[in-house]
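Below is one structure, written out as structure tokens, with a few remarks after it.
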Amino acid sequence: MEHNPKLVSSEVAALWGAYMQNSMAYCIVQHFDNINEDADSTALLQTALTTCNYVVKEVKQIFEKENHAIPIGFTQEDINLNVGRVYSDLFALRYIKYMAAAGTAAAAALLEVLARKDVREFFSTTSEMFMKLYNNACDLLLKKGAFIRSPTIAPMEKAEYLQSESFLSGLIGKHRPLTVIELAHISKNTETNSIGRTFVAGFSQTAKSPEVRKYMERGTEIAAKHETVFREILVEDGVPLPSSWDSTISQSIDAPFSDKLMMFHILGLNELSVAGYGAAIGTSLRMDLGGHYKRLVAEILQYGNDGVKMMIENRWLEQPPQNVDREALRNRSI
């Protein structure tokens, strides 16, 4: 007898999140494609649009089949294609690389909580599409000499075991050199903040609401502060700083995106930062690094919480699917 299981909560969560993120990304890439003047990037932007559109359509079909409500997400009402450039074509390329990496990682990580074959196949395909997009973006950035590389270290002469707990030191006095694992996380988190800072700076000058503009300005300051913390760690360790490709932001004050979309995107960037810092905490053995990450995570969480409150007040935050409120049913008026 054929078994036709219903979607379980983890599958609904994965599909709902994919719809929200990709309907938003589709709007952003539309703007980049609309103002693009770099012929080398045209095919990549089209691939990005195709990938995001595929995710949105597939999730919609699965939800319709299961009689689940389709998320509101983001639509053409959240984008204005009649305004000029805010970000450079190089920044758009960096964004595609960043978005594709995040999409690949998210789709792959979700597979372990998915049971239904059609959902697993969908996220497997999605992961492959984002991975291809990521590799194409990397190739183009390398071609342009704009790929931000991690610091280079001297080759290891021999493998050996640790012989002292001093390897964990770092809070007081002299600390040991950074490991390649710690360097990798610092480099990644520095780039994440660089991209976030550029994005938020553009949002801060184009947002319609004064409250949103103020919130974005605060985000710019936080990202710049975090970048400084990571760069100072590298300087203190004598590590060459990675290249910085801060893309130019135009003087336009015309918003290509709705305030709702911009706020949602910042919440997503906050989540990625917390996840990145959390991964770094788990693999950084030098105690001073753990202290830095914990302090910075607390700041991001507070910033994100303030953003959630603002979105709720403005009715911009869409409610995720949730379990039935049994108490409300029991206490309903008759």
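The numbers here are math on the coordinates, done by the rules we state, and not lab data. Because the structure is a prediction, the values reported are computed rather than measured. With ideal geometry, Cβ positions are generated from the backbone for all residues, glycine too; neighbour counts draw on all protein chains shown.
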Notebook entry, point to check: Given a cut-off of 12 Å, what percent of all Cα-Cα pairs of the stretch 96-148 lie beyond it?
Noted result: 63
Margin query: Students often forget the sequence filter, so: which lysines lie under 24 Å Cα-Cα from K132 once same-chain residues fewer than 8 apart are removed?
Written below: K57, K60, K97, K117, K143, K144, K188
Next item on the list: Would you please name the GluC sites (Glu not before Pro) within the stretch 1-105 that are DSSP coil residues with at most 10 other C-beta atoms within 10 Å of their C-beta?
Entry: E2, E37
Notebook entry, point to check: Roughly how tilted is helix 117-143, in degrees to the nearest 10 and between 0 and 90, from the longest Cα axis of the chain?
Noted result: 50
Check: Once phi is turned into θ = phi - 60°, what whole-Hz ³J(HN,Hα) does the Karplus curve with 6.51, -1.76 and 1.60 give for every residue of the stretch 58-75, x standing for Gly and Pro?
Finding: 5, 5, 4, 5, 5, 5, 4, 5, 9, 6, 8, 4, 6, x, 5, x, 10, 10
Next item on the list: Within 10 Å, count the other beta carbons around each residue, average over each peptide in 87-97, 302-312, 102-112, and list them highest first.
Entry: 87-97, 102-112, 302-312
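Can you pull out the GluC sites (Glu not before Pro) in the stretch 113-196 that DSSP calls coil and that have at most 16 other Cβ atoms within 10 Å? Intermediate values should be presented prior to the final figure.
Details: sites: E121, E128, E157, E160, E165, E182, E191; in loops: E157, E160.
Answer in residue order: E157, E160.
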Notebook entry, point to check: Under the rule of -39500 (n - 2.57) per DSSP H run of 4 or more residues, summed and divided by the residues of the chain, what mean residue ellipticity at 222 nm is obtained, to the nearest 500 deg cm²/dmol?
Noted result: -22000 deg cm²/dmol
Check: Any idea what log10 I(q)/I(0) is at q = 0.15 Å⁻¹ for the stretch 122-281, Debye with uniform C-alpha scatterers and no solvent?
Finding: -1.02
Check: In Å and whole numbers, how far do the C-alpha atoms of the stretch 190-270 stretch along each principal axis, longest first?
Finding: 44, 22, 17
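If you wrap a convex hull around the alpha carbons of the chain, what volume per residue comes out, as a whole number of Å³?
Taking the convex hull of the Cα positions in the chain, it is 204 Å³ per residue.
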Checklist line | Cut-off under 5 Å, modelled amide H: who pairs with F257 long-range | finding: N80
Note to self: Could you work out the relative contact order of the stretch 255-313? I mean the mean sequence separation of Cα pairs under 8 Å and 6+ apart, divided by the number of residues, in percent.
What the structure shows: 42
